[in-house]
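The values are calculated or read from the model by the stated rules, or taken from the named source; none is laboratory data. Computed from a predicted structure; not experimentally measured. As a convention, Cβ positions derive from the backbone with ideal geometry for all residues, glycine included, and neighbour counts pool all protein chains shown.
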Amino acid sequence: MDELADRAAQVALAAPELLAKGFRDYRRYRLALTGDDGARIEQTRDVLDGGKVVAVLPVDLARDEIVLIRQFRLPAHLGSGKGDLVEIVAGRVEPGEAPAATARRECAEEIGVAPAALAELFSYYTTPGLTDEQVTVFLASVDAVKVPARTATGGEFIRTLRVPIDDALAAVGRNAIHNGPAVMALQWLALNRARLAGLLHT
């Protein structure tokens, strides 16, 4: 149903003002928004440039396992004191790079194994009131036996976790995992587990 789908808005944007440069730029936008009834409102919004990101759920169908990673995240540490997060493979899409190519590259870098097959699942905005970051989630077929216990890439120390699918889903169920892409990918897995072999044509 069209009324349940995202759609374009009637909006006029002024040129953005750069507020700060850092790992990601931070900009201020002034805009005029026209509603369905023709009413017009003006807003000022600050946006963190996030860009395109991929997240990958690596699964070993032969062993009924998935490969998760563990790495430190400062904002999580500041927010809860638990910054050593359980996550899935993820990374930013480089200029000119296709998201599927990013997914393959990030798997090789973060878990030490390139996927035998990939399937694109869904995409979402992480925090659309703050950032334009858009994540595309992939399912990847991997041989978990070949995954090393640790990898190091780009100044990050990553520990890999080979986990039975049932254990991973149970961890989500007891609210033990708080990384957004991991939670969403595992919830998708819980709903679509019977479809995995058909999606991954190796």
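Residues are listed down the side, and each one gets a yes or a no for (1) surrounded by fewer than 13 Cβ atoms within 10 Å (Cβ to Cβ); (2) charged (D, E, K, R); (3) within 30 Å of ARG45 (Cα to Cα):
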site	(1), (2), (3)
ASN175	yes, no, no
ALA182	no, no, yes
ASN192	no, no, no
LEU196	no, no, no
LEU199	no, no, no
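Got a number for residues in the range 154-202 being over 22 Å from PHE122 (Cα atoms), in contact (Cβ under 8 Å) with a residue 12 or more places away in the chain and among the basic types (Lys, Arg)?
2
Please find, within the range 6-29, the residue that is nearest to GLY51 (Cα to Cα) out of those that are among the small types (Gly, Ala, Ser) and assigned to a loop (DSSP other than H, G, I, E, B). Even if it seems obvious, please write down each step before you answer.
First, pick out the residues of the range 6-29 that are among the small types (Gly, Ala, Ser): 8-9, 12, 14-15, 20, 22.
Right, trim to assigned to a loop (DSSP other than H, G, I, E, B) and you get 8-9, 14-15, 22.
Working: ALA8: 19, ALA9: 20, ALA14: 20, ALA15: 18, GLY22: 14 Å.
Checked the range 6-29; the qualifying residue nearest to GLY51 (Cα to Cα) is GLY22.
For residues that are touching a Ser or Thr at 6+ places or on another chain (Cβ under 9 Å) and in a strand (DSSP E or B), tally how many sit in the range 30-55.
10
With the checklist (1) in contact with a helix residue (DSSP H, G or I) (Cβ under 9 Å, 6 or more places away or on another chain); (2) over 21 Å from GLU110 (Cβ atoms) in hand, flag the one item LEU68 doesn't pass.
Only one criterion is unmet by LEU68, namely (2).
Residues of the range 148-173 being buried (at least 16 other Cβ atoms within 10 Å of the Cβ) and touching a Gly at 6+ places or on another chain (Cβ under 6 Å), which ones? Working first, answer last.
Taking the range 148-173 as the starting set, the residues that turn out to be buried (at least 16 other Cβ atoms within 10 Å of the Cβ) are 151, 158, 160-163, 165, 168-169, 171-172.
Listed by number, the list holds a single entry, THR151.
Could you tell me which of the residues ASP143, ASP132 is within 22 Å of ASP64 (Cβ to Cβ), acidic (Asp, Glu), in contact with a strand residue (DSSP E or B) (Cβ under 7 Å, 6 or more places away or on another chain) and touching a residue at least 24 places away in the same chain (Cβ under 8 Å)?
Details: ASP132 fails: within 22 Å of ASP64 (Cβ to Cβ).
Just a single option satisfies the conditions, and that option is ASP143.
Restricting attention to the range 4-20, which residues are of a type in the set (D, E, K, R) and at pLDDT below 95?
Residues satisfying the conditions are ASP6, ARG7.
Can you spot a residue in the range 123-144 that is closer than 23 Å to SER80 by Cα and more than 19 Å from the chain's Cα centre (by Cα)?
There is no residue in the range 123-144 that is closer than 23 Å to SER80 by Cα and more than 19 Å from the chain's Cα centre (by Cα).
Of all residues being β-branched (Val, Ile, Thr) and within 17 Å of ARG92 (Cα to Cα) in the range 126-147, which is surrounded by the fewest Cβ atoms within 10 Å (Cβ to Cβ)? Just the residue, please. Can you show your working first?
Of all residues in the range 126-147, those β-branched (Val, Ile, Thr) come to 126-127, 131, 135-137, 142, 145, 147.
The next check asks that each one be within 17 Å of ARG92 (Cα to Cα); those that pass are 126-127, 131, 135-137.
Numbers: THR126: 14, THR127: 11, THR131: 17, VAL135: 20, THR136: 19, VAL137: 23.
Ranking the candidates gives THR127 first.
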